[in-house]
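Inspection log for the structure reproduced underneath, given as structure tokens.
The values are calculated or read from the model by the stated rules, or taken from the named source; none is laboratory data. Source: prediction; values computed, not measured. Every residue, glycine among them, receives a Cβ derived from its backbone with ideal geometry; neighbour counts consider all protein chains shown.
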Amino acid sequence: MSLVNFTTREITCKIVYYGPGRSGKTTNLHYVYGRVPESRRGRMVSLATQTDRTLFFDFLPIDLGQISGFATRFQLYTVPGQVYYNATRRLVLQGADGVVYVGDSQARQLDENLESLQNLQSNLLEHGVDVRTVPLVMQYNKQDLPRELILTPAELDDALNFRGVPSFPADALHGQGVFETLKSISELVLKKLAAGSTA
Amino acid sequence: MTSTLNPKFTFETFVVGAANRLAVTAGRTVAENPGSAYNPLFIYSGSGLGKTHLLMAIGHSAKQLAPQLNIEYLTLDEYVEAFHAAIAAGQGDAFRRRFQNVDALLVDDVQFLTNRKEMQAELLRLTEALQQAGHQIVLTSDRPPAEIADLDERLISRFSGGLVVDMGVPDYETRVAILRRKAEERGARFQPGVLETAAGVEFPNVRELMGALNRLVAYQAVNDTPINAEAARQVLGVAASGAPAGLSTAASPTAAVSTGDEFSQFLTDVTVTVGKAVEAWRARVAEAVLRWEGEGYRTGRLEKLLDHDSPAAVDEAIASYIHDVERLKALEAEVGALDPQAAGDKVFRDPERMAEAEAEAAKVRDGAAPPPAPSGAFPLDSYAFGSSNDVALSAARAVIDAPGKKYNPLVLVGRSGLGKTHLLNAIGLELMKKKGAVVACLSTQDFVDELIAAIDGERVDWWRARYRRATALLLDDIHLLAGKDRTQEELFNLFNQFMDGDRQLVFTAPAHPNKLEGLEERIVSRLEGGLVAEIGDPDRAVRHTALERILGQQKVTPDPALLDYLADRPTDSVRSLTGVVQRVVEAAAAQDQPVTAGLAREILEGQPAAGARRTTGLRTSGLVVSSAGGVRSREKMVWDWPSAADRVIEDLR
């Protein structure tokens, strides 16, 4: 999928929020949805499926209007976190320009975090994409939970962020870190376009 | 049936912002050069963003710059109505004529063409006619041509063939500027911050923005007190965040402010990033594409660059593209001077086809359209000379030696068949041998026909340019100009230019110019101003030489007796000699005998040669009108009887 179309003068970024179940991906989208003026955003689509195994994701289109003469649109997706929805995850991941990995900061969720991260890598590979080339940022969500239940961002970096990508502590429910994350991934995606390669 | 232009809708009252700058610039260009810049100009935008305003502004501006222009503004619905009314009244042709004669046609809301096949066909015809005549068309729509449902492919390509520009929603600054200007127009004054508050609301179009202003004006008038920013917010039902009420989900004002900021901050950041990305090579390419596309050049080569991930040497590619375009421009200008019609060729707009453009230019330059050259069938060497034409011949030699200097113009006068055309072409051929010479040599009839064709094809400029290029102009049978006023006019101008440039002019005429009827005085006097050289009836020497040539052409070895016999025969023109020789040669071939003087006499005089005498009562020239043909051709008739001396010699034989 072409990120920047110079003939129609459009920029379309597809950003996928990835992570284990109940880590707060949809919460991220809901927060963004609430902050975007109505004229700028499309209807947020949450597909909770016909049968229990196919489509199941959230979709939020945002229209950023004309930027440098380009009609700029962001499409934010979340994948279903539950392990058994991998087919859907793979589908949603297709053609993604950037990935936000939303991790659960709770110490007891560390294994799920790791498993999901590996799943991301293998699903990208299924699409013939090397995880090292995809713009990626990490968000450590639920940092508002009591200290004793969670790992610090530094600890999570050590555990999950072996690529050293930008990472953000967040409290998606209250909006902390949500836009920082979105901004960061947008920059990475757009910079990648500046480097002249389209995803 | 046609709307008049609303006097308020001018460029002066149009607020220009980033979202509509391109459209306005294009509009101004079109108003300044209707028909030549972007044709058609297609403007699209959402409802209420100023399409109609811009369209009318173009009309006003064009009218102001050139008041004589016939400008029609109408909406598509009006056009359709007018068309239906005209058809109903049986005035379909008058309707078409009326629109084909406008200099600038401004049609609003063409998206309503959907599902109107017959109107599409009508508009297609009109667009074609207007474009061909170089008349401007400006169209507006709420969507680009390709998105108008059910629109004929040919219309889509026509509409897209000029310039398609869109106008977006005005940004905040533009909104403020619009509100200020409109408030000023209404004589309404607001406290600082009021208009800014209204501008802060992201209305989807300017009309709603005007609605907001109306509310503010009305509120202020009713309450008799100046409204402030806070009150304005209430009037407009705006939550503090800057979005109309009902959109904001924020609970507390502070949170709302921060959330509003959060998104706009994000937007700013993205803008900066995109800006950086777009400033990179792609932006330069895109800019070049836009620029040259705007000038009407094909940009496929540049667009291809954008398909690459990281093409090498982008700037070089752009530079070479520009270089090619400059070359095309030069070629186009050059060709334009020679043949304005050919300059319109689209190869001059396509840097992909440089070679073709060069070839086309070369074709125009050297040969596609040179003026007709002298015929190679009339070399000077084969021109028979004698006392009857030595004045003309020596004048011709003088002209060949010093074209334009000595006898200019040279007018060769003589009856038909004396070799005027031969001498004219011979002069032309000799002149052509000079370096850089372009000799135009043709019959006056062809000259007239060419001009008529040029007028018919609207190529008169090209036609003129073609002859102006010539270094010598040789016209056969100038008397045919009689009654051709336009050609005389053109010739007069050419004449003067040739004389000014010391370029040679040679004409032939059957009689002295002052005896020719139907020629304008100014032409006659100019013809007389040079040398009028007469060619008399061919003398014996001329006949002898001419016969030698003619017999040579017939592949007959000229035997001296035959030559003498034939040359001694009186004749009034060289051309009739050809007829005589032909008769003899054919008869000889039929009888399977060699061509001899005896045979010739037998054939020509119709009697056995031996001792035969002509009966005195029957005088013939020896030329018998063919009984099969039965046509009394001048060439085969004897008009002037041989002189007594000639007859004596004949009698002695």
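General remarks:
- Qualifying residues in the range B:281-324 (those that are assigned to a helix (DSSP H, G or I), facing another protein chain (nearest Cβ under 10 Å) and at pLDDT below 75) - the one surrounded by the fewest Cβ atoms within 10 Å (Cβ to Cβ): B:Asp307
- Leading residue by the ranking (nearest to B:Glu184 (Cα to Cα)) among those in the range B:2-27 that are of a type in the set (Val, Ile, Thr) and in a loop (DSSP other than H, G, I, E, B): B:Thr13
- Each residue in the range B:435-458 was checked for being outside any helix (DSSP H, G or I), at pLDDT 85 or above and over 14 Å from B:Pro510 (Cα atoms), and 4 of them qualify.
- Every residue from the range B:449-474 that is over 16 Å from the mean Cα position of the chain (by Cα) and more than 14 Å from B:Glu490 (Cα to Cα): B:Arg469, B:Ala470, B:Thr471, B:Ala472, B:Leu474
- The lone criterion from (1) hydrophobic (A, V, I, L, M, F, W, C); (2) at pLDDT 85 or above; (3) over 30 Å from B:Gly483 (Cβ atoms) left unmet by B:Phe385 is number (2).
- Restricting attention to the range A:62-109 and to residues that are among the acidic types (Asp, Glu) and buried (at least 18 other Cβ atoms within 10 Å of the Cβ), the residue that is nearest to the other protein chains (Cβ to nearest Cβ) turns out to be A:Asp97.
- Cross-chain or 6+ apart pairs with Cβ under 7 Å, the range B:505-527 first and touching a residue at least 24 places away in the same chain (Cβ under 8 Å), then part of a strand (DSSP E or B) and among the small types (Gly, Ala, Ser): B:Leu516/B:Ala509
- All positions within the range B:467-518 that are of a type in the set (Gly, Ala, Ser) and either over 15 Å from B:Pro371 (Cα atoms) or not assigned by TED's automatic domain parsing to the domain that holds B:Gly414 (or both): B:Ala482, B:Gly483, B:Gly501, B:Ala509, B:Ala511, B:Gly518
- The residue list A:Asp158, A:Asp111 contains one member that is more than 19 Å from A:Lys25 (Cα to Cα), part of a helix (DSSP H, G or I) and modelled with pLDDT of 90 or more, which is A:Asp158.
- Checking each residue in the range B:493-533 for being under 16 Å from B:Gly414 (Cα atoms) and in a helix (DSSP H, G or I) picks out B:Pro513, B:Asn514, B:Lys515, B:Leu527, B:Glu528.
- Residues in the range B:202-226 that are over 53 Å from the mean Cα position of the chain (by Cα) and assigned to a loop (DSSP other than H, G, I, E, B) were compared, and the one that is modelled with the highest pLDDT is B:Pro226.
- Scope the range A:170-199; condition more than 18 Å from B:Thr268 (Cα to Cα), more than 8 Å from chain B (Cβ to nearest Cβ) and modelled with pLDDT of 85 or more; matching residues: A:Ala170, A:Asp171, A:Ala172, A:Leu173, A:His174, A:Gln176
- B:Val542 being surrounded by 15 or more Cβ atoms within 10 Å (Cβ to Cβ) and within 13 Å of B:Val411 (Cα to Cα): no
- Residues in the range B:89-103 that are in a helix (DSSP H, G or I), farther than 18 Å from B:Gly134 by Cβ and polar (S, T, N, Q): there are none.
- Count - residues of the range B:459-492 that are outside any helix (DSSP H, G or I), at pLDDT 80 or above and charged (D, E, K, R): 3
- Subset of the range B:572-582 (residues that are free of Cβ contacts under 8 Å to residues at least 40 places away in the same chain and either more than 60 Å from the chain's Cα centre (by Cα) or surrounded by 15 or more Cβ atoms within 10 Å (Cβ to Cβ) (or both)): B:Leu577, B:Thr578, B:Val581
- Residues (at pLDDT 85 or above and not in a helix (DSSP H, G or I)) located in the range A:23-43: A:Ser23, A:Gly24, A:Val36
- Pairs where the first residue, in the range B:589-609, is part of a helix (DSSP H, G or I) and exposed (fewer than 12 other Cβ atoms within 10 Å of the Cβ) and the second is modelled with pLDDT under 80 and of a type in the set (D, E, K, R), C-beta under 8 Å, 6+ apart: none
- If you check A:Leu110, A:Leu151, A:Leu124 for being on the phi < 0 side of the Ramachandran plot and under 18 Å from the mean Cα position of the chain (by Cα), only one passes: A:Leu124.
- Residue that is farthest from A:Leu136 (Cα to Cα) [pool: residues in the range A:84-108 that are assigned to a loop (DSSP other than H, G, I, E, B) and small (Gly, Ala, Ser)]: A:Ser105
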